Amino acid sequence: NCTKRYHIPFSSSNKQHLNRRSIAVLFGGDTEERQVSLMSGTNVWLKLRHSSQFNPRPYFLDKNKQVWPLPYTYALMHTVEDIYDCLESQSAIKAGMEFELPRIRKRLGLKECDINQVYPDAKPIPLESFIAMLSQEGCPLLIGLHGGFGENGSLQGICDEENVSYNGSGVSISALGMDKYAFSNAVNSQAIPTVSALKQSHSF
């Protein structure tokens, strides 16, 4: 392979995963900001793969609030729609790669591998069941969702009920941050010098 060809030291990442704590990274959703969520979520997931403390597991939230564990190859897709299409047709993709993958790996000088390790079967999990699963595992959740129930305190409330740790603000502050009218009033009520928010006539 390339590392041997150019005499580049290569260390297997398998050992790095042994003592790291699992953390679920959730992105996608059905809001208009779902593509931004995909970019930020995958960036966090990729960065954490180099962490000495955490072993990140990518999860995709579809438009029906079903959560899918993502195989590595699907997590690198460019759009939410691409990921969803792959998940919907994963059986056909896997069948095609069962023929192509051995030939590709042979040409690259790589060992044979189990197709199920490269393209594991991904099955959807209802959101509430997903959070309950994390609770049983003691696995924290990194929320990479943008807008909607991922930021307005709804998802945070489900996590609190199941005692699942997550990033960001709690229920009440998340809800306040999504309500521009209430947030403006809250900021102005503090009467902090040089800090103010535009006054809103009513809540939308």
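We did not get these values from a lab; they are worked out from the coordinates using the rules stated. Remember, it's a predicted structure, so these values are computed and weren't measured experimentally. Heads up, the Cβs are rebuilt from the backbone with ideal geometry, glycines too, and the neighbour counts pull from every protein chain shown.
Only Cα pairs under 8 Å and 6+ residues apart enter the sum, and on that basis the relative contact order of the chain stands at 19 percent.
Overall size of the range 12-132 from C-alpha positions, given as principal axis extents largest first: 42, 35, 26 Å.
Subtracting the Cα-Cα distance of SER169 and ARG103 from 0.36 nm times their residue separation leaves 18.9 nm of extension gain.
For the ranges 29-40, 187-198, what's the packing order if you count other beta-carbon atoms within 10 Å of each residue, average per peptide, and put the highest first? Numbers along the way, then the final one.
On the way: 29-40: 17.9, 187-198: 9.8.
Going by the mean number of other Cβ atoms within 10 Å, highest first, we get 29-40, 187-198.
Among the lysines of the chain, pairs at least eight places apart or on separate chains and with Cα atoms under 16 Å apart come to 6. Where Rh is the Kirkwood radius over the Cα pairs of the chain, the temperature 10 °C and the viscosity 1.306 mPa s, what D in µm²/s does Stokes-Einstein return? Stokes-Einstein gives a translational diffusion coefficient of 81 µm²/s. When you filter the chymotrypsin sites (Phe, Trp or Tyr not before Pro) in the range 39-146 for DSSP loop state and at most 12 other Cβ atoms inside 10 Å of their Cβ, nothing is left.
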